[in-house]
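Structure record follows, encoded as structure tokens.
The values are calculated or read from the model by the stated rules, or taken from the named source; none is laboratory data. Computed from a predicted structure; not experimentally measured. A quick note on method: Cβ atoms are made from the backbone with ideal geometry, for glycine too, and the neighbour counts reach across all protein chains shown.
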């Protein structure tokens, strides 16, 4: 869940903008005489909304890609740290075992 938190934080403002743009605000339905003018305005509003929606989706995709690249980089760094910690742990076990065997040897010889 924590891995998705940055994505959600990044996407929420853009999603709100997409919803606001995609929901065209039409005026009241006029009489039949003005219907053609209203239809032309509504088509223009829809075309504008579609263009803005496309731009918003492109921006969102770029931000999601940046977020994923950051997550991949962090995962790579964590894998390197884990490998180093495993090597240190194995070295500590070997040194501890050698000390234990040395103490047994000293005690057995005495």
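Structure data summary
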quantity: Tally, over the range 21-58, of residues that are in a helix (DSSP H, G or I), surrounded by 13 or more Cβ atoms within 10 Å (Cβ to Cβ) and either on the phi > 0 side of the Ramachandran plot or modelled with pLDDT under 75 (or both); calculated: 2
quantity: Test for residue 76: is it part of a helix (DSSP H, G or I), under 27 Å from residue 10 (Cα atoms) and in contact (Cβ under 8 Å) with a residue 12 or more places away in the chain; calculated: no
quantity: Candidates 100, 68 - the one that is assigned to a helix (DSSP H, G or I) and either in contact with a strand residue (DSSP E or B) (Cβ under 8 Å, 6 or more places away or on another chain) or at pLDDT 95 or above (or both); calculated: 100
